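Everything on this sheet refers to the single structure shown next.
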Amino acid sequence: MPTRAAPRSFRRALAALALLIPLAGTAAQSTPKTLSAVPDLRIDATAENLSGLSWIGVAPNGTIAVLQPSDFSVLFFSPTGKRLGTYGRSGEGPGEFRNMANIGWVGDTLWVNDFDNVRTTMISPDRKLIRDFQWAHLVTAANGDTVGTPDLAGILPMAIYADGSMMASIRTRNESRPTWYPLEADRKPFLRVTRNAILQRVLAYYSARECGVRVDRRQVRIPFCQGAIYDIAPSGSDIAILDQSNPTTPTAKYRLTLVSSRGDTIYSKALTSPAIAISKHLADSTIEARIHPASGQPLPEPLASTLKSVKIAAYEVPVTIVIAGGDGTVWLRMQPDATTAPWEIFDPHGALVGTLTLPRIMRPVVVSRTTFWGIDTDSDGFESVVGERIKE
């Protein structure tokens, strides 16, 4: 029996509804949530005599490590902000530091990198020295191929894992490179290596665009030049890579990629946003400030003339910082204004969760979808450690 056609008025209503549904979905995707932060804990600079904070690490059990490079030490606090103790002093012996770099946790063990001593120090939960190890100078593959040269300071660990292996990235000076190392000068690898720098696998590559001019061993950075930026999750679980270069149009296009510690691409997402225009006046005045700084010596010739001859980009990508969270989230700091900085937060699948606006002087360090730990600078320049919860 033939099916009776629906009345014309009903068919028109269905057609109108079909048009409305995708429009509603598009609007929902194009309008991110506005997130807010609620203060949860503050470790005050004055009360705890904090100075020159450079890094924060939060252990799985909530213990907070605060790097104090000017004091050559690490301060430890409980999850409630109670000071537990201090580790380190100036020197070259065991448990001593000269130029403290980044820190991280392997379970309840803290590791601290030291540029000048060219080593990593492992510290126990009761703030005792477990061991330290010198950085290798060469990465060696199973077939005997090597990358690196003996005059490099060493291969800096970017993450350390429970099995003793590490994540590292190096810039080779070798004339001939192994097949697994990119031949292109502007591509650099993230590597998983053993503690003795035996190559286990190549995890990812990133574009290391040259943004400096060099004359007679002296180098100066080209203003407004942009290249890829990246961050490693605190546990080394993920690498967040933002591939970008200066746009040539008012629309900035860039790509956010999240890679696991095994080298698997979790997602790779193309993003767009309005580019930041760079006026000729701003470009010229910035070049002049580099050549004749307010304090210090002017750039010598011919480096000054070489910098003047460089063509400055007309636009910038508005992303200034990328942070990889321990839960797979990624935070992007967009171009700040005079007082505030907007942060776009992406979930572990690359979907935009929302935008969180923080004071410009607030610097998140350890982040997730629900919380962050950061450094808050007051009007006098004192830096406190803060923990805040995120509300959707």
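Name the pairs whose Cβ atoms lie under 7 Å apart, with the first residue in the range 33-57 and over 26 Å from Val106 (Cα atoms), the second surrounded by 13 or more Cβ atoms within 10 Å (Cβ to Cβ) and aromatic (Phe, Trp, Tyr), and 6 or more positions between them or separate chains?
Ala45/Phe382; Thr46/Phe382
Just need a number here: residues in the range 343-356 that are within 15 Å of Glu392 (Cβ to Cβ) and touching a residue at least 24 places away in the same chain (Cβ under 8 Å).
Number satisfying all stated conditions: 8.
Condition first: of a type in the set (A, V, I, L, M, F, W, C) and surrounded by fewer than 18 Cβ atoms within 10 Å (Cβ to Cβ). Now tell me which residues in the range 288-302 satisfy that.
Ala289, Ile291, Ala294
Write out, first by first residue and then by second, each pair whose Cβ atoms fall under 7 Å of each other, whose residues are 6+ apart or on separate chains, and whose first residue, in the range 114-127, is within 21 Å of Ala59 (Cβ to Cβ) while the second is in a loop (DSSP other than H, G, I, E, B) and of a type in the set (Lys, Arg).
Sorted first by the residue in the range 114-127, then by its partner, the pairs are Asp114/Arg98.
Right, Asp151: exposed (fewer than 13 other Cβ atoms within 10 Å of the Cβ) and at pLDDT below 70 or not?
Yes, satisfied.
Tell me which residues, restricted to the range 210-233, are outside any strand (DSSP E or B), exposed (fewer than 15 other Cβ atoms within 10 Å of the Cβ) and in contact (Cβ under 8 Å) with a residue 24 or more places away in the chain.
Within the range 210-233, Glu210, Asp216 qualify.
Looking at the range 335-354 only, could you name the residues that are surrounded by 15 or more Cβ atoms within 10 Å (Cβ to Cβ) and more than 26 Å from Ser260 (Cβ to Cβ)?
Within the range 335-354, Gln335, Pro336, Ala341, Pro342 meet the criteria.
For the range 340-369, enumerate the residues that are touching a Pro at 6+ places or on another chain (Cβ under 8 Å) and β-branched (Val, Ile, Thr).
Thr340, Val353, Thr355, Thr357, Val366 - these are the residues of the range 340-369 that are touching a Pro at 6+ places or on another chain (Cβ under 8 Å) and β-branched (Val, Ile, Thr).
Does Leu282 qualify as being part of a strand (DSSP E or B) and within 27 Å of Asn246 (Cβ to Cβ)?
Spelling it out, it is not the case that Leu282 is part of a strand (DSSP E or B) and within 27 Å of Asn246 (Cβ to Cβ).
Of (1) among the hydrophobic types (A, V, I, L, M, F, W, C); (2) over 23 Å from Val367 (Cβ atoms); (3) touching a residue at least 24 places away in the same chain (Cβ under 8 Å), Leu75 satisfies all except one. Which?
The failed condition is (2).
Between Ala136, Ala204, Ala162, which is modelled with pLDDT of 75 or more, touching a strand residue (DSSP E or B) at 6+ places or on another chain (Cβ under 9 Å), surrounded by 15 or more Cβ atoms within 10 Å (Cβ to Cβ) and not in a strand (DSSP E or B)?
Ala136
The values are calculated or read from the model by the stated rules, or taken from the named source; none is laboratory data. It should be emphasised that the depicted structure is a prediction, and the values quoted were computed from it without experimental measurement. Heads up, the Cβs are rebuilt from the backbone with ideal geometry, glycines too, and the neighbour counts pull from every protein chain shown.
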